[in-house]
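**Q** Mind looking over this structure? Questions follow.
The values are calculated or read from the model by the stated rules, or taken from the named source; none is laboratory data. Fair warning: this is a prediction, and the values are worked out from it, not measured in the lab. Positions of Cβ are generated from backbone atoms using ideal geometry, with glycine treated the same way; all protein chains shown enter the neighbour counts. Side chains included, ligands, DNA and RNA excluded: accessible areas come from the protein's heavy atoms. Shrake-Rupley method; radii C 1.70, N 1.55, O 1.52, S 1.80 Å.
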Amino acid sequence: MNIAVIGTGYVGLVTGVCLSHAGNSVTCVDIDKDKITGLQNGRPPIYEEGLGELLQTNLQRKRLHFTTDYQKGITGKDVILLAVGTPQNDDGSADLSALFSACRAIAPHLHEHTIIVTKSTVPIGTNEQIKHYIEQAACGMSVSIIAAPEFLRQGSAVHDTFHGDRIVIGGEDSEAMQTVEELYRPFNIPIIKTDLRSAEMIKYASNAFLAAKISFINEIANLCEHADANVEDVAQGIGMDRRIGNHFLSPGAGYGGSCFPKDLSAIMSYGRKLGCPLSILESVQNVNERQTNILVEKVQKRLGNLTGKTIAILGLAFKPGTDDMRNAPSIPLIKKLMMSGADVNAFDPAATEHAKNILPREVNYANTIDEALANADGAVIITDWQEIKDYPLESFKNHLADPVIFDGRNCFSLDRMSESGIAYYSIGRPTIHPNS
Ligand SMILES: NC(=O)c1ccc[n+]([C@@H]2O[C@H](COP(=O)([O-])OP(=O)(O)OC[C@H]3O[C@@H](n4cnc5c(N)ncnc54)[C@H](O)[C@@H]3O)[C@@H](O)[C@H]2O)c1
């Protein structure tokens, strides 16, 4: 099929590259000239495993193209995928300005019955507005609109695109729905077909449920600490119940990223507008906000006054496998430590360049874990990169004067830590004091 993808961010780029790899001719359109120039030359602007290779392969095969020119990108295409960002407005609602700006830009270049597929996460009712808006902008020309929300996870985005749990296709036009089904058929992923509004709701309800699972286990983890129980065993025990399931039951420093925080705010804002407040999700958000404080409190309790002390922060990205810093828990945590007087040495294998635009200027960036730990008074693990999990405990001891690790991701087993000679504070598990 001839496809255009509008917006070459985490979703648009990965989707465009994977659809071209499946044999389609794909043109990706973005307003960011630098991004497009880099992509034309085979350089992905984001870190995602496997993306660079697939990008280069399909550029060479000449079925993947990048442009900033809408006319060139859109003309003659059968299916247009919208994958621009839908960030958060100040009042919590979804900011749809980029989406409608993209709709305005594509409208003059469409032909009758072009299929518009919305991959962006949008509030319920938005796809109906998109159809109406495009048809008006295209002087009454008729288009078909499909809601196909995206479920890929950053850090495994390419894998998820080929091996997702389901594809949701929402629409009212059965012929257009069938075309989109054919587009995704080579991926061999179960497809669920529904109406536009239910498809939009599935995306928000999925993210809300996942965020709720994280806040639930974080709250149980905090209770475990007070009750001298071990949340790891608790999570295993409850997760073996198939009605609950064992995924997404790892406690930590809270969720972040470009989706959960803004999607929860958007669905809550939508609920308020309809006079149907979502009180569970309010608690989910509150628990998550508290969670980064808990690590800071542990550092303060152990190290006392932080003025003049140096803390090594290991991991900055909101999760391993990505360079994305949007709403990363490392941001409030580092700011709080610095406001308490601490100096911060930070290490991340991929996100440092993005972090520099977001974190306070005084942060010292390290190229290696060794460098971050050198002369530090303690280490705080915020992102469970494999490189951090594999780092030898002996080296923590060699670098830290009074070795102490505050582990926001429970990277190490308690058995291992109890033999390490390192003081170890994790989430929802007993603290290890080396000399006791
Ligand atoms: N990132 C994820 O893991 C993820 C997962 C599922 C769904 N989503 C949803 O997918 C959507 C995109 O998210 P993302 O993380 O890929 O965003 P992103 O910010 O990484 O990328 C958005 C891209 O759109 C481009 N853009 C903005 N306005 C444009 C316009 N008018 N025309 C062409 N390009 C334009 C930007 O330059 C940018 O490259 C959002 O709605 C998000 O909620 C994201």
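**Q** So, in nm, how far is label ALA205 from label LEU274 when the simple model puts each one 7 Å beyond its Cα toward the Cβ?
**A** With each label point 7 Å from Cα toward Cβ, the separation is 1.0 nm.
**Q** For region 70-130, what number results from the quotient of the Cα radius of gyration and 2.2 N^0.38 Å? Walk me through the numbers before you get to the answer.
**A** Working: Rg = 12.3 Å, N = 61, 2.2 N^0.38 = 10.5 Å.
Compared with the compact-globule rule of thumb, region 70-130 sits at 1.18.
**Q** Relative to the present Cα-Cα distance, how much length would full extension add between HIS226 and ARG197 at 0.36 nm per residue of separation?
**A** That works out to 6.1 nm of additional length.
**Q** Based on the Cβ-Cβ distance from ASP415 to ILE189, what FRET efficiency comes out when R0 is 30 Å, to the nearest 0.05?
**A** So the FRET efficiency works out to roughly 0.15.
**Q** Next question. Run the helix sum for the chain: -39,500 (n - 2.57) per DSSP H stretch of 4+ residues, divided by residue count, reported at 222 nm to the nearest 500 deg cm²/dmol.
**A** One gets -13000 deg cm²/dmol as the mean residue ellipticity at 222 nm.
**Q** Next question. Pairing the Cα long axis of helix 97-106 with the longest principal axis of the chain, what angle in degrees results, from 0 to 90 and rounded to the nearest 10?
**A** 30 degrees
**Q** A further question follows. When the chain is modelled as a GNM with alpha-carbon springs shorter than 10 Å, which of ALA355, ALA157, ALA423 fluctuates the most?
**A** Checking each option, the largest mean-square fluctuation is seen for ALA423.
**Q** Roughly speaking, to the nearest percent, how much of the chain's 1.4 Å accessible area is carbon and sulfur?
**A** Values: 9560 of 19460 Å².
That share works out to 49 percent.
**Q** Starting from the Cα-Cα distance between GLU135 and GLU289, subtract it from 0.36 nm times their residue separation and give me the gain in nm to one decimal.
**A** 51.2 nm
**Q** Let me ask another. Please check: in the Gaussian network model of the chain (C-alpha springs, under 10 Å), which one of GLY171, GLY315, GLY125 has the largest mean-square fluctuation.
**A** Checking each option, the largest mean-square fluctuation is seen for GLY125.
**Q** If you don't mind, another one. Using R₀ = 35 Å, calculate the FRET efficiency as 1/(1 + (r/R₀)^6) where r is the Cβ-Cβ separation of ARG166 and GLU128; round to 0.05.
**A** 0.95
**Q** Continuing with the same structure: For region 280-360, compute the orientation-averaged projected area of the C-alpha convex hull (one quarter of its surface), in nm².
**A** So the mean shadow area of the Cα hull is 5.8 nm².
**Q** Working from Cα positions, state the angle (0 to 90°, nearest 10) between the long axis of helix 330-339 and the longest principal axis of the chain.
**A** 40 degrees
**Q** Can you tell me the 0 to 90 degree angle between the C-alpha axis of helix 260-273 and the longest principal axis of the chain, rounded to 10?
**A** 60 degrees
**Q** Here's another thing I want to ask about it. Tell me, how many Å apart are the Cα centres for region 358-436 and for region 177-228?
**A** The distance from the Cα centre of region 358-436 to that of region 177-228 comes to 32 Å.
**Q** With N residues in the chain, what two-decimal value do you get for its Cα radius of gyration over 2.2 N^0.38 Å?
**A** 1.06
**Q** Looking only at the chain, where both bridge partners belong to it, what percent of the DSSP beta bridges are antiparallel (to the nearest 5)?
**A** Numbers: 4 of 46 bridges.
If we restrict to bridges inside the chain, about 10 percent are antiparallel.
**Q** With every protein chain kept in place and ligands, DNA and RNA left out, what is the accessible area per residue of the chain? Probe 1.4 Å, answer in Å². Let's see the in-between values first.
**A** Values: 19460 Å² over 436 residues.
Heavy-atom SASA per residue in the chain reads 45 Å².
**Q** Could I have the simple spin-label model distance between GLN178 and SER101, label points 7 Å from Cα toward Cβ, reported in nm to one decimal?
**A** Label-label distance for GLN178 and SER101, simple model: 3.9 nm.
**Q** Please say if region 2-194 is rounded, prolate or oblate, where rounded means a/c under 1.5 for a ≥ b ≥ c the square roots of the C-alpha gyration tensor eigenvalues, and otherwise the choice is prolate for a/b larger than b/c and oblate otherwise?
**A** Judged from the Cα gyration tensor, region 2-194 comes out rounded (a/c under 1.5).
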